[in-house]
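Read the structure below first, then the notes.
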Amino acid sequence: MFKMQINRGELLAILVGLVMVFTIIPLSVSAETTSGKDKAMWSWFPNEDIDTTENREEMIEFAEEKGVNVIYLNIGERNSDIYLKMHPEQYRKFIKLAHESDIKVYALDGASEWAKEENHHIPISRMLDVFEYNCHSSEDEQFDGVQFDIEPYLLDEWDTNERGQLIQEYLSGLKILNKISKAYSQTHDFEFMVAMPFWFDGEEYETTYRGKSMPLSDHVMDTVNSVALMAYRDFAEGRDSITYHIEHEMEYASKNGVKAVVGVETQYLEPYEKVSFFEEGEAYMNEQLEIVDKMYADEPGYGGQAIHKYQSYQTMNP
């Protein structure tokens, strides 16, 4: 096992400096959907999902059964603790088990407050936590990437005249995180991605950032190279459907070298039935996802699909 003693400031400086030196290493791609793209799954409760040998094995067996080859696994606060820092051995055991089954594992975390400039140090710190964890873990125990779910629209400022400034700070934070991640990816096969709602392309979110005016979705995709589109609808085609809402994002991703993963919901969300596949069940969901997969199979920006989330996916109707 390789270990390196280095403080966080030195690590950050080295990572940022590497951006100017190396050529970006292309990411490998596993094939799990019919078209040969990734099938991912969000897991938000590590204190329940990976805390025991039995639970670790159960999630891997479930992923294999469902054809899931990427797991977004929360590393953040559970009962006021940063779970990755408190229980690194649980992650090492789980990731090793996942890799033995050809399943990638991405560190998952996020909070709406992270969008504010005053809080940018938090996601930077969480990203460095992942890098430090990888440094002190064997290759088969290391994270393959990180996904941050930062949702500024949940903040009070979103529905006020402060929204414009909040968006500027949100995008600036993503830019910093992407720069740090790019530096790390020069020497590691590692991906940084963010979760993004489908409606960021709406006219009311047209944004001028760094002298360019365009939809907020486009700014996000110009800032990071990979996004998980929260395309939360329970039918594939027609008005107000999954493909209706992500048409612009998929076209932009394909033209600009971005990977866009299409995410769907399985939680019980009454009275918002159209947002989730909870009522319709798994067989119907799979039929709709197959339609999406066939529609975008030849699109270079299409990176596959993701299911939110492990717990409700486990218990949804057949």
Note to self: I'd like the accessible area for Met59: 1.4 Å probe, protein heavy atoms, all chains in place, Å² to the nearest 10.
What the structure shows: 0 Å²
Check: Rounded to the nearest 0.05, what FRET efficiency is calculated for His99 and Gln311 with R0 set to 25 Å and r the Cβ-Cβ distance?
Finding: 0.65
Margin query: Counting heavy atoms of the protein chains only and a 1.4 Å probe, report the per residue accessible area for the range 167-304 as a whole number of Å².
Written below: 41 Å²
Item checked: All-pairs alpha carbon distance profile, the range 205-318, 5 Å steps from 0, percent -> 2, 12, 21, 21, 17, 13, 8, 3, 1, 0
Checklist line | Modelled FRET efficiency - R0 45 Å, Thr208 with Tyr272, Cβ distances, 0.05 increments | finding: 0.90
Notebook entry, point to check: So, with a 1.4 angstrom probe, what is the percent of accessible area on the chain that is carbon and sulfur?
Noted result: 48 percent
Note to self: In whole Hz and in residue order, list the ³J(HN,Hα) couplings for the range 127-144 that follow from phi through the Karplus curve 6.51 cos²θ - 1.76 cosθ + 1.60, θ = phi - 60°; x for Gly and Pro.
What the structure shows: 5, 5, 4, 5, 4, 5, 4, 4, 4, 9, 10, 5, 4, 7, 10, 8, 5, 8
Item checked: Extent along principal axes [Cα atoms of the range 135-270; Å; largest to smallest] -> 47, 36, 32
Margin query: What percent of all Cα-Cα pairs in the range 50-157 falls into each 5 Å bin, going from 0 up to the bin containing the maximum distance?
Written below: 2, 12, 22, 22, 17, 12, 8, 4, 1, 0
Next item on the list: Determine the calculated [θ] at 222 nm for the chain from helices alone, applying -39500 (n - 2.57) to every DSSP H run no shorter than 4 residues and normalising by the residue count; nearest 500 deg cm²/dmol.
Entry: -12500 deg cm²/dmol
Next item on the list: Pull up all non-local amide H partners of Val261: gap of 5 or more, or a different chain, and H-to-H distance under 5 Å with H placed in the peptide plane.
Entry: Val227, Ala228, Leu229, Gly303
Checklist line | Rounded accessible area of Leu269 (nearest 10 Å², 1.4 Å probe) | finding: 50 Å²
Checklist line | Of Lys116/Lys179; Lys39/Lys175; Lys116/Lys175; Lys175/Lys259; Lys39/Lys212, pairs whose Cα-Cα distance is over 24 Å | finding: Lys39/Lys175; Lys39/Lys212
Margin query: So if I take the alpha carbon set of the chain, get Rg, then get Rh from the Kirkwood formula, what is the Rg over Rh ratio?
Written below: 0.94
Notebook entry, point to check: Just the accessible area for Asp156, please: 1.4 Å probe, Å², rounded to the nearest 10?
Noted result: 130 Å²
Notebook entry, point to check: Want the number for Ile176 to His136: 0.36 nm per residue separation, take away the alpha-carbon distance, what's left?
Noted result: 12.0 nm
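The values are calculated or read from the model by the stated rules, or taken from the named source; none is laboratory data. Model, not experiment: these values are computed from the prediction. Glycine gets a Cβ as well: all are built from the backbone with ideal geometry, and neighbour counts include every protein chain shown. Surface areas here come from the heavy atoms of the whole protein model, side chains and all, with no ligands, DNA or RNA. Shrake-Rupley method; radii C 1.70, N 1.55, O 1.52, S 1.80 Å.
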